[in-house]
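See below for the structure under consideration.
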Amino acid sequence: MTRTVGDATYVGTRTLRVEDLRLLTGTGTYVDDVIRPGMLHACFVRSPMARARILGIDVSEASQLDGVHAVFVAQDLNPGVREQWYTLNGPDDPDTPRPPLAEGEVRFVGDPVAMVVADDRYIAEDAAELVVVDYDPLPPVVDYATALDSTESVHADRPGNLVGQLGGRPMADLEPVFENAPHVVSQTVYQQSHGPVPMETRGIVAEWAAAGGEMTIWAATQSPHEVRSFCARLLGIAEHRVRVVMRDTGGGFGQKVLPQREDMCVMLAATKLPAALKWIEDRQEHLLAAGQARHEHGEARMAFDDDGRILAATLDHVQDAGAYPTPSPVQSGVAVGMLFPGPYRIPEGTFSSRFVFSNTSGRVAYRGPWQYESMARETLLDTAARQLCLDPVELRRRNMLSRDELPTANFNGMPYDHISPRETFEQALKMLDYEAFRREQARAREQGRYLGVGTCTYVEPTAGATPFHATEGATIRIEPSGKVNVYVAGGSCGNSLETTVVQLTADALGAAIEDVSTVQGDTAVTPYGAGTGGSRSGPMTAGAIARTAGELRERILAIAAHKLEVPAEEVEFIRGRATSKRSGGAGLTLAEIADIAYYQVHALPPGVPAGLEASGRYHTPHLMIWANATHVCTCEVDVVTGEVTLLRYIVSEDCGPMINPSVVEGQIFGGTVQGIGGALYEHLAYDEDGNPVSTTFMDYLLPTATEVPVIEVGHVETPSPGPGGYKGVGEGGAIGSAPAVVNAVADALAPFGVRISRLPLTPSSIVGLLEEARARQAVTR
Amino acid sequence: MKPAPFTYHAPAGGDEAVGLLAELGEEAKAIAGGQSLVPMLALRLAAFGHLVDLRRLDELRGIERRGDGTVWIGAGTTQATVQRSDEVRAAVPLLARATPLIGHFQIRSRGTVGGSLAHADSAAEYPAVALTLDAELEALSPRGRRTIPAERFLTGMWSTALAEDELLTGVNFPVWKGRCGFAVEEFARRSGDFAIAGATVALRVDGDGRLDRCAIGLFGLGATAIRARGTEAALIGSDPAEADAEEIVRSATEGLDSVPSDLHGSAPYRTRVGAAMVTRAWRRAVQEALHG
């Protein structure tokens, strides 16, 4: 299957987004817009301590406040849990603890201890202040990097704080290569904790109908079906008695792929209440408790021959899981090591990954969760180039895979094919005019101005075929009027999935795009699907729509041929109109065909069923579909204040043929800006006692329009073997950008001998690096 | 993020407002643009039983050139109004130049001159400008009106000379005449953030090109905005074109003993940035005074 059925009229064009009228006029329906009769509101009492024993909780005063319906503590809600596991991991995967409310001990600042339910959120918050919790402080394990050696345990049954570890062949195997190599370069880069921080915080409304035993949930989620499965298991009710609805979700970035502990509390509490229960997370709660990501470090090492060719590479990687990761980080975290070789020819190597508990907010998925592979590799390559006195571009050219080497597998066995790293690399450098930039940089240095350029090239698995993600369904209903509704699982958080599905369906049927609409995000009416995540929605929905629309298109052609009295293969059906050369000017509209299918069933050709609706399900035979890109960034660093100003930002990407270039570029822009934020601004920081210090947007700094340059995008098109040749593109921007920015800053500061080992590169940290380098050089002299 | 309960009052005049403040005591807080107060209430970092809204007090709004060589700006005038004012641009250039550095345009559309001064954040621009230009602040209380020099108005981090029942009604900014130069420089993590550190410089040269008036302000580098008075005194009578900028910076930033330290920068880092801002502001102000 290389193309969707029918002619591509809309696919590949910059079709305007069908979501925009409602989203840009403020008329979207986010979970906080859902109002139910008699609805109650929840507010959590959260731990102010990183680690403490709970000696007692006094809810009496809070319970008596006017307008308060209930105050729940762990013993009220936690025994209601029947089963709790995520479909992605399955029931038998060794999971991490996940109590709805803290039991006996609090394990991070923000840990939910009690839940107040009241007539409105104001009263709930007033009551929450009246809940008295008696804490006995315990020494917290704040720094994951030293947690493995701590005598204190985040979870008493996990001494040593190790969640799990995975790795490739033993490191010792590689020692002879490193010992005999002419050059060995190693470094450790510590990456700070980030929050995914979607514009819409978390939120859920749960409404229990006791008589029918039915639960209805409105959620801010990337995966309504996973919320349904999870809720059914949690409460021990049948899956088909749970309905989950999501209309608009204001950003997810991985954080909303799975329900978390607060969602569990709302689901459990709803069964004890007479009306719907709403919880909308506020921004402070979000920065305290919605989860952290990217917090990790690794010693990366490469051996080179005298020509700068890589002989071997290793990564010794340690990742922070926080207190309550969602889900257990082992399965997803191993991708860091597996992808560490990137798009380079590296004959051998290995990795080790350890995942460590700490008394901080739990790790969650975040756009390109394995991004550290690129950070470790690409910053090491720049350091190596400086040590080997080679231009970093030249070093990469000597080692980067080219198309004629494909298919191939990296040293961990990851099978690469249908990628174009060299093409994106050269395209991006050409867009910059790399040689001209180097000349400009030299002139600027003479004037005491410090410019730098950094690159990052990566390969990325998209649309992976885990058991949870390997299929996607579509139902298409052509209504009697000829109007088309296409039903897919959805989970769009701003990903333009409605536009994508409408474009794909219009082309696959041959319908006019204005006749096609889509229904997504309601488990009562849409086929089962895993939702948005893992850069899967483009290829997977394309597969599901192609299969379903193909069947309907055949029926459309058969009905038209019968009516026009020509053979089906002579019928053309484009933009909702069937014609045939042999029938002269005569033709049929989709409305006329639908009218026959529903109201003139006697006029249907033999063997064609009445009606025009079909369901189909695609399952991918591909373990994963590879995408790749190169990011190139230039910057100027003010060596007095440490300020970094980005000058140009270029992305060359290969996501195969584009369904909608505007959507592709929007995904790249958004991801890239998040990576810029990670390199320079965002820091979900804790002090030594485990107190979070960035709990508002005055301290958790997101890049804004004034900090980000115009992002220039170049496209290379290598079709994948999947549906339409499409590849996923949702996550890549967030993988490639931070390493490119870090490399650009390091390049700007190269004349000072600066070595970057900690992120983010804040102005004060850059001044610190300059002072360190000066001190080091003073000693050397 | 829902504030604790409070009673809302919207007095129609200044006397009524200060009467309410006097009557309600420490349970009451005046609210103007709300750009600092509302987030603190929403986060429940602050709670007041009563909010006295100043929005109906037209007497607090306006920009007027006064006969005594000052420009009066009502405390309730928004920062956006100041930014648009030709009068301010011509007569009080330092204030005009500092205004766009305050937050974002949405903040300036609601935030007021008096609110910024009365909130007295040490990293804010207006307290530093008022201090640098020797502005005089007008206050109203049930006991009547009084005038407070900026120097005495700013008493510490988020604290001023205003009594609990006293309302800031306006500010008189002196108009500097002659060959003057004004500059404000600040460094913030992102445009619109509170400054890591900043500096204001106002100076005037006489017919011989020598300094006869000089003010150097620092912000973000102590509990309040600060004047480098020793440095200023040493510069009077000198030729600014000949001045040793490094020596000015050294003298202006030495002895800073309460520089804040947080996630965005340690005290030594802020001092370094403050020094750089003094250098940059000094050079620009001298350039303007000597060459227009």
Notebook entry, point to check: What residue among A:Met375, A:Ala289, A:Gly337 has its Cα farthest toward the positive end of the dipole of segment A:239-383, where the charges are +1 on Lys, Arg and -1 on Asp, Glu, each on the Cβ?
Noted result: A:Ala289
Item checked: Options B:Leu133, B:Ala22, B:Phe6, ranked by Cα towards positive dipole end of chain B, top entry (Cβ charges) -> B:Phe6
Notebook entry, point to check: Rounded to the nearest 20 Debye, what is the dipole magnitude of segment A:693-781 about its Cα centre when Lys and Arg each give +1 and Asp and Glu each give -1 at the C-beta?
Noted result: 440
Item checked: Residue among B:Gly34, A:Gly322, A:Leu162 farthest towards the positive dipole end of the protein assembly as shown, charges placed on Cβ -> B:Gly34
Checklist line | Part-to-part distance (alpha-carbon centres) for segment B:222-236 and segment A:760-781, which is given in Å | finding: 31
Check: chain A: Rg/Rh from Cα coordinates, Kirkwood Rh?
Finding: 1.00
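With every protein chain kept in the model, how would you rank B:Ile73, A:Ile35 by accessible area, 1.4 Å probe, largest at the top? Could the numbers behind the result be given before it?
Values: B:Ile73 0, A:Ile35 130 Å².
From most accessible down to least: A:Ile35, B:Ile73.
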Margin query: I'd like the accessible area for B:Ser261, computed on protein heavy atoms only with a 1.4 Å probe and all protein chains in place. Round to 10 Å², please.
Written below: 80
Item checked: Residue-normalised accessible area of the protein assembly as shown, given per residue in Å² at a 1.4 Å probe -> 37
Margin query: Can you compute the modelled spin-label distance between A:Phe697 and A:Ala591, with each label point 7 Å from Cα toward Cβ, in nm?
Written below: 4.6
Notebook entry, point to check: So, with a 1.4 angstrom probe, what is the percent of accessible area on segment A:3-141 that is carbon and sulfur?
Noted result: 52
Next item on the list: May I ask you to derive the FRET efficiency for B:Thr147 and B:Arg190 from their Cβ-Cβ distance with R0 = 30 Å, giving the value to the nearest 0.05?
Entry: 0.20
Check: Mind checking the log10 I(q)/I(0) for segment B:7-53 at q = 0.27, 0.29 Å⁻¹? Debye, one equal scatterer per Cα, no solvent, two decimals.
Finding: -1.00, -1.09
Notebook entry, point to check: For segment A:53-142, what does the alpha-carbon gyration tensor say about shape, rounded, prolate or oblate, given a ≥ b ≥ c as the root eigenvalues, a/c under 1.5 as rounded, and a/b over b/c as prolate?
Noted result: oblate
Check: Dipole of segment B:7-53, Cα-centred, from +1 at each Lys and Arg C-beta and -1 at each Asp and Glu C-beta, to the nearest 20 debye?
Finding: 280
Check: Most mobile of B:Leu133, B:Leu221, B:Leu60 per a Gaussian network model of chain B (Cα springs, under 10 Å)?
Finding: B:Leu60
Notebook entry, point to check: Leaving out ligands, DNA and RNA, what percent of the accessible area of segment B:4-115 is carbon and sulfur, probe 1.4 Å?
Noted result: 53
Next item on the list: Nearest 100 Å² is fine: how much accessible area is buried between B and A, summed over both sides, with a 1.4 Å probe?
Entry: 2400
Item checked: the protein assembly as shown: Lys pairs at Cα distance under 30 angstrom, eight or more positions apart or on different chains -> 12
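Need one number: % antiparallel among DSSP beta bridges in the protein assembly as shown, to the nearest 5. Write out the running numbers ahead of the final one.
Working: 142 of 178 bridges.
Counting DSSP beta bridges with both partners in the protein assembly as shown, the antiparallel share is about 80 percent.
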Item checked: Area of B:Ser238 that stays accessible when all protein chains are in place (1.4 Å probe, Å², to 10) -> 30
Checklist line | Alpha-carbon centroid distance for the pair segment A:644-672 / segment B:70-99, whole angstrom | finding: 42
Checklist line | Residue-averaged [θ]222 nm for the protein assembly as shown, counting only DSSP H segments that reach four residues, each worth -39500 (n - 2.57) | finding: -9000 deg cm²/dmol
Check: Expressed in nm to one decimal, what extension gain is obtained for the pair A:Asp687 and A:Leu406 from 0.36 nm per residue of sequence separation less their Cα-Cα distance?
Finding: 96.3 nm
Note to self: What three numbers, in Å, describe the spread of the alpha carbons of segment B:179-291 along their principal axes, ordered from the longest?
What the structure shows: 47, 28, 21
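Of all the accessible heavy-atom surface of segment B:179-291, with the other protein chains kept in place and a 1.4 Å probe, what percent is carbon and sulfur?
Values: 2060 of 4410 Å².
Summing carbon and sulfur atoms, their accessible area is 47 percent of the total for segment B:179-291.
Classify segment A:340-496 as rounded, prolate or oblate, taking a ≥ b ≥ c as the square roots of the eigenvalues of its Cα gyration tensor: rounded when a/c is under 1.5, otherwise prolate if a/b is larger than b/c and oblate if not. Show your work: numbers first, answer last.
Numbers: a/c = 1.96, a/b = 1.68, b/c = 1.16.
Note, shape of segment A:340-496 comes out prolate.
Arrange the peptides B:164-176, A:628-640, A:84-96 so that the one whose residues have, on average, the most other Cβ atoms within 10 Å appears first.
Values: B:164-176: 21.7, A:628-640: 26.3, A:84-96: 16.1.
Final packing ranking: A:628-640, B:164-176, A:84-96.
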Margin query: I'd like the accessible area for A:His619: 1.4 Å probe, protein heavy atoms, all chains in place, Å² to the nearest 10.
Written below: 120
Notebook entry, point to check: Assuming a viscosity of 1.306 mPa s and a temperature of 10 °C, what translational diffusion coefficient in µm² per second does Stokes-Einstein assign to chain B, Rh being the Kirkwood radius over Cα pairs?
Noted result: 81
Next item on the list: List, largest first, the extents of the alpha carbons of segment B:58-174 along their principal axes, each in whole Å.
Entry: 35, 32, 27
Next item on the list: For peptide B:187-197, compute the average count of partner chain beta-carbon atoms within 10 Å of each residue's beta-carbon.
Entry: 4
Item checked: Ranked order, A:Tyr487, A:Tyr528 - accessible area, probe 1.4 Å, largest first -> A:Tyr528, A:Tyr487
Note to self: Only protein chains counted, 1.4 angstrom probe. Which residues of segment A:734-771 are at least 40 Å² less accessible in the assembly than when their chain is isolated?
What the structure shows: A:Pro763, A:Ser764
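All other residues with a Cβ under 13 Å from the Cβ of A:Asp307 taken together, and with Lys, Arg as +1 and Asp, Glu as -1, what is their net charge? Write down the numbers at each step before the final one.
Details: positive: A:Arg309, A:Arg345, A:Arg397, A:Arg398; negative: A:Asp305, A:Asp306, A:Glu394.
Residues close to A:Asp307 contribute a combined charge of +1.
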Notebook entry, point to check: To the nearest 0.05, how large is the calculated FRET efficiency for B:Ala161 and A:Met199 if R₀ is 35 Å and r is the Cβ-Cβ distance?
Noted result: 0.25
Note to self: Checking buried surface per residue: for segment A:102-124, which residues lose a minimum of 40 Å² accessible area in the protein assembly relative to the chain alone (1.4 Å probe)?
What the structure shows: A:Tyr122
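With +1 on the Cβ of every Lys and Arg and -1 on the Cβ of every Asp and Glu, and nothing else charged, how large is the dipole of the protein assembly as shown about its Cα centre, in debye rounded to the nearest 20?
The dipole of the protein assembly as shown has a size of about 1640 debye.
The values are calculated or read from the model by the stated rules, or taken from the named source; none is laboratory data. The structure presented is a predicted model; accordingly, all values stated were derived computationally and were not measured. With ideal geometry, Cβ positions are generated from the backbone for all residues, glycine too; neighbour counts draw on all protein chains shown. Protein only, heavy atoms only, side chains kept; ligands, DNA and RNA dropped before computing areas. Shrake-Rupley method; radii C 1.70, N 1.55, O 1.52, S 1.80 Å.
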